[in-house]
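Below is one structure; the comments refer to it alone.
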Amino acid sequence: MRVTGRVQVWLPKNSGYASEDATMVSTARRRAAVADGASEGVDVRRWANLLVTRYVNAPPPIGASAEGIYEWFRETIRIWNLSPPTVDPDDWRFQGVGATEAAFATFLGLQFRSEENEHDGRLEWEAIAVGDSCLVRVPSPKAILAGAQPEFFPYSASAAFTSTPDLVPSDLGRARRLAPTGEGWPVRVRRGFAEAGEVFLLGSDAISKWLYTLPWTDPEVWRRLPDLRKPNLEGLAHQLKDAGEIDHDDLTLVVLRVREDPRR
């Protein structure tokens, strides 16, 4: 099997301003990632870009332990601190109580093994997430007809979205919150096996929250949404913003498809 896909929506919160979301897709490596920089941090676009770039180029291996995933985040923070941002001492945002010189971002990474499972031909996949950048796994048409439902990660419902999601910090001191210490560990991991025809949607928070509210009991929703082309999806995103049906925020959506390899 092969994985195809691309970034289908990448729109800033306001026209004329750079998006604080970052995303990267490599179908050759079978990896994709989305990160949403938190506005209150320093140089958040660069931090979000580092997270997605490093994941697509050198992720933790599928099946890594909690400590192994934590070490991957720590190493990413060390790379960041080789060239930390310069903070303007006159910038009011970084003065007084609660001021910070760190960057923060939510994160979602998805990867597939390079080879199919030798027993049934399915592809093993793994997703890791911190915060409210989310994954929707859409079943294959065959599974839909059999009554399969979409899978949501890391949240199970739209009510889980808040204004204070967990974040990946750019400094090692704050990163202790990411340490695998049990139930409070904010890094979520999901693994599974995909068959041909499945679609994986990766989105930043605003578009993810909207995806969670769709009437997924109607098969036409998941049958048609992933097939929309980039201009149509971007047009839909603008319409939803104008109608107030989606939060006024940066919007990012990646669509990946698992397909049969025609060479086999």
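The values are calculated or read from the model by the stated rules, or taken from the named source; none is laboratory data. All of these numbers come straight from a predicted model, not from anything done at the bench. So basically every Cβ, Gly included, is an ideal-geometry build from the backbone, and we count neighbours across all protein chains shown.
Observations on the model:
- For Ala64, the conditions (1) at pLDDT 95 or above; (2) within 20 Å of Phe200 (Cα to Cα); (3) more than 16 Å from the chain's Cα centre (by Cα) all hold with the exception of (2).
- The range 22-38 - residue that is in a loop (DSSP other than H, G, I, E, B) and among the hydrophobic types (A, V, I, L, M, F, W, C) and, of those, modelled with the highest pLDDT: Ala28
- In the range 163-182, residue nearest to Trp210 (Cα to Cα) [restricted to those that are free of Cβ contacts under 8 Å to residues at least 12 places away in the same chain and part of a loop (DSSP other than H, G, I, E, B)]: Ser163
- Top-ranked residue of the range 12-23 - restricted to ones that are in contact with a Ser or Thr (Cβ under 7 Å, 6 or more places away or on another chain) and surrounded by 21 or more Cβ atoms within 10 Å (Cβ to Cβ), ranked as nearest to Glu71 (Cα to Cα): Thr23
- The single condition among (1) surrounded by 16 or more Cβ atoms within 10 Å (Cβ to Cβ); (2) not in a loop (DSSP other than H, G, I, E, B) that Trp185 does not satisfy is (2).
- Of the set (1) of a type in the set (Phe, Trp, Tyr); (2) in contact with a Phe, Trp or Tyr (Cβ under 8 Å, 6 or more places away or on another chain); (3) not in a loop (DSSP other than H, G, I, E, B), all apply to Tyr155 but (3).
- The requirement of being touching a Lys or Arg at 6+ places or on another chain (Cβ under 6 Å), touching a residue at least 12 places away in the same chain (Cβ under 8 Å) and either among the charged types (D, E, K, R) or closer than 25 Å to Ser19 by Cα (or both) is not satisfied by Thr53.
- Given (1) aliphatic (A, V, I, L, M); (2) farther than 30 Å from Ser140 by Cα; (3) at pLDDT below 95, index of the condition Leu50 fails: (3)
- If you go through the range 112-154 and keep only what is hydroxyl-bearing (Ser, Thr, Tyr), at pLDDT 85 or above and surrounded by fewer than 20 Cβ atoms within 10 Å (Cβ to Cβ), you end up with just Ser140.
- Scanning the range 39-67 for residues that are surrounded by fewer than 21 Cβ atoms within 10 Å (Cβ to Cβ) and in a loop (DSSP other than H, G, I, E, B) yields Ser39, Glu40, Asp43, Ala58, Pro59, Pro60, Pro61, Ile62, Gly63, Ala64, Ser65.
- Within the set Arg223, Arg174, the sole residue that is at pLDDT 75 or above and among the basic types (Lys, Arg) turns out to be Arg174.
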